[in-house]
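Please treat every number below as a calculation from the coordinates, not as lab data. Computed from a prediction, not measured in an experiment: that's the story for all the values here. Glycine gets a Cβ as well: all are built from the backbone with ideal geometry, and neighbour counts include every protein chain shown.
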Amino acid sequence: FDEATPLHALFGALDGAFEPGRPELSARRYPKLAALRARESQLAATLETLKASLLGRPEIKAALAKNPDGSLPGYEEMDGGRFVLPVNPTNKRVVGREVSRSRSKKTAFVEPRQLAKPTDDLRQAVESRVATE
């Protein structure tokens, strides 16, 4: 190609723009994007750790609506990325904010108050990364 052609300029701009073997913009070429990805990863890991620690707390365990086999349920992800726990409706205030109810109204799906801000922070980080990409 002649170096003065727009096609040559395009190939020059794309050189190194993507991660090798992956359809993902290069972190080395775009350091701001690398920082956003790192922040998102850090927030996701912190959220996972917090979720696990909350399930071990006695007051959370006592509030949970048991599975039919008597075992304790885990988190469910609702639309919008909210992590909720199935809770007996009478205990919902112990856990956090009600997001939804089962059809039978016997189970409230509650986002633990300790997860609200970390979840919001993660959602904002994802939105920032997507907007940058």
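Tell me, which helices (runs of 4 or more DSSP H) wholly within the range 27-133 include 3 or more residues that are crowded, with 19+ Cβ neighbours inside 10 Å, of a type outside the set (A, V, I, L, M) and touching a Cys at 6+ places or on another chain (Cβ under 7 Å)?
none
From the list A108, A125, which residue is within 13 Å of the chain's Cα centre (by Cα) and either among the hydrophobic types (A, V, I, L, M, F, W, C) or under 11 Å from L64 (Cβ atoms) (or both)?
When all the criteria are applied, what remains is A125.
With hydrophobic (A, V, I, L, M, F, W, C) and more than 14 Å from A116 (Cα to Cα) as the only criterion, which of A65, A44 stands out?
Among A65, A44, only A65 is hydrophobic (A, V, I, L, M, F, W, C) and more than 14 Å from A116 (Cα to Cα).
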